[in-house]
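Peer 1: Got a structure for you, questions after.
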Amino acid sequence: MAELSGWEIVRLTWQIQHRLFSAAAEGLQDLGIHPKALAILAILEALPHPGDIARSIGSPPPTVSNILQSLEAAGWVDRASDQTDRRRIAYRRTPAGDQILALGIERVDRAAAESLQQLSPDELGRLHELLIRAAGPGPVVDGPSG
């Protein structure tokens, strides 16, 4: 087996992410949400500030701001002044945002189950363990709380 390079890890994880979001695209489109907007909804609890979100997902700040504005227009997020620094804007999911995030995650989970069915349950469990270890510490990207 060839040595696993950093680039190969990036390439393969990008390919898996693209494959899963492509498989889930129709279901997400039915919900009216783009995969990147779904990712922002998921990370919002850990990173409520637009600049932090942009750095975390590797998107330009104006792109993140546009997505946040569309999420706000849809009623899925609220914005307010940050409690600790009134000069900064902080976003949070609304109950409707929690609901659309849960539905979006459900669509992605369904697409993953179909796309990764060539892996056994043991292989999927091992892959999960390895991905957690490889990801290391960082912002927690989760679904809606509660």
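Peer 1: Which of the residues that make up region 26-59 are touching a Pro at 6+ places or on another chain (Cβ under 7 Å) and in a helix (DSSP H, G or I)?
Peer 2: L28, I43, P50, G51, A54, S56
Peer 1: Checking the condition in contact with a His (Cβ under 8 Å, 6 or more places away or on another chain), of a type outside the set (F, W, Y) and on the phi < 0 side of the Ramachandran plot, which residue from I89, I100, I105 passes?
Peer 2: I89
Peer 1: What tally of residues in region 1-38 results from selecting those that are within 21 Å of L68 (Cβ to Cβ) and crowded, with 20+ Cβ neighbours inside 10 Å?
Peer 2: The total comes to 4.
Peer 1: Still on this structure: Return yes when R11 is without any contact (Cβ under 8 Å) to a residue 24 or more places away in the chain and among the basic types (K, R) and no when it is not.
Peer 2: yes
Peer 1: Select, from E106, E45, the only residue that is modelled with pLDDT under 90 and either acidic (D, E) or in contact with an Asp or Glu (Cβ under 8 Å, 6 or more places away or on another chain) (or both).
Peer 2: On inspection, the qualifying residue turns out to be E45.
Peer 1: Same structure, new question: On the basis of being surrounded by 14 or more Cβ atoms within 10 Å (Cβ to Cβ) and either part of a helix (DSSP H, G or I) or free of Cβ contacts under 8 Å to residues at least 12 places away in the same chain (or both), does I132 make the cut?
Peer 2: Against the criterion (surrounded by 14 or more Cβ atoms within 10 Å (Cβ to Cβ) and either part of a helix (DSSP H, G or I) or free of Cβ contacts under 8 Å to residues at least 12 places away in the same chain (or both)), I132 does not qualify.
Peer 1: Further question on the same structure: Say we look at region 72-82 and pick out the residues that are at pLDDT below 95 and either part of a loop (DSSP other than H, G, I, E, B) or among the aliphatic types (A, V, I, L, M) (or both); which of these is surrounded by the fewest Cβ atoms within 10 Å (Cβ to Cβ)? Give the steps one after another, and end with the answer.
Peer 2: As a first pass, look at region 72-82 and keep what is at pLDDT below 95: 79-82.
Of the ones still in play, those that are also either part of a loop (DSSP other than H, G, I, E, B) or among the aliphatic types (A, V, I, L, M) (or both) are 80, 82.
On the way: A80: 11, D82: 14.
Within region 72-82, the match that is surrounded by the fewest Cβ atoms within 10 Å (Cβ to Cβ) is A80.
Peer 1: Okay, moving on. Could you look through region 39-52, keep only residues that are out of contact with any strand residue (DSSP E or B) (no Cβ under 8 Å at 6 or more places or on another chain) and not small (G, A, S), and pick out the one that is surrounded by the most Cβ atoms within 10 Å (Cβ to Cβ)?
Peer 2: Top of the filtered list is I40.
Peer 1: Kindly indicate whether Q69 is farther than 15 Å from L103 by Cα and surrounded by fewer than 16 Cβ atoms within 10 Å (Cβ to Cβ). Step through it out loud before you land on a result.
Peer 2: On the way: farther than 15 Å from L103 by Cα: yes; surrounded by fewer than 16 Cβ atoms within 10 Å (Cβ to Cβ): yes.
Judged against the criteria, Q69 is a match.
Peer 1: From the set of residues in region 53-66 that are farther than 22 Å from A102 by Cβ and of a type in the set (G, A, S), which is surrounded by the fewest Cβ atoms within 10 Å (Cβ to Cβ)?
Peer 2: It comes out as G58.
Peer 1: List the number of the failed condition for D85; all other conditions in (1) in a helix (DSSP H, G or I); (2) out of contact with any Lys or Arg (no Cβ under 6 Å at 6 or more places or on another chain) hold.
Peer 2: With respect to (1) in a helix (DSSP H, G or I); (2) out of contact with any Lys or Arg (no Cβ under 6 Å at 6 or more places or on another chain), D85 is out only on (1).
The values are calculated or read from the model by the stated rules, or taken from the named source; none is laboratory data. Just so it is clear, the model here is predicted, and its values are computed rather than measured. All Cβ positions, even for glycine, are placed from backbone atoms using ideal geometry, and neighbour counts span all protein chains on display.
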